[in-house]
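Only one structure is covered here, and it is reproduced in the block below.
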Amino acid sequence: MTNQTLLVLSGPNLNLLGERQPDVYGNETLADHLAVVEAAAADHGLEVEHLQSNHEGELVEAIHSARGRCAAIVINPGAFTHYAWAIHDALAAFDGPVVEVHLSNPASREPWRHTSVVAPVASGSIAGFGADGYRLAVQAAVALLGR
């Protein structure tokens, strides 16, 4: 694939990283995580496009617009992980690797967080590695792209 863009999508409340529950999500802000993503992606010749939204439809539109344009998607769907079937369907129609990432480990938290509707259409999921999760997600996407 000749596309050089990695689309990074951040779901609801991720704009509050660094302020919201630092004991669960760490002290890093979303901007801090994006700086890590951009550096890791640049090492492999990828540009980063990012969208954070608290609105499911906006994320669906971004996924649709990535079709045929972006090489891969890294997505932290936040709470949409557990019930956003529209995001599931949009990702299923994307023709490149999709890496689901979570700072915390949803499987070790409340029972309602144990199910991901994104995982069945993702190439893989990275969870529970905190700030390292985004770097690992980029590495996974790069490996899946064969770079």
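I'm checking my understanding of the structure. Among residues of the range 100-122 that are buried (at least 18 other Cβ atoms within 10 Å of the Cβ) and modelled with pLDDT of 90 or more, which one is farthest from residue 11 (Cα to Cα)? For the range 100-122, the residue satisfying everything is 122.
So, of the residues in the range 50-99 that are at pLDDT 95 or above, in a helix (DSSP H, G or I) and of a type outside the set (A, V, I, L, M, F, W, C), which turns out to be farthest from residue 118 (Cα to Cα)? In this case the residue turns out to be 65.
The values are calculated or read from the model by the stated rules, or taken from the named source; none is laboratory data. Everything numeric here is computed off the predicted structure, so don't read it as measured data. Every residue, glycine among them, receives a Cβ derived from its backbone with ideal geometry; neighbour counts consider all protein chains shown.
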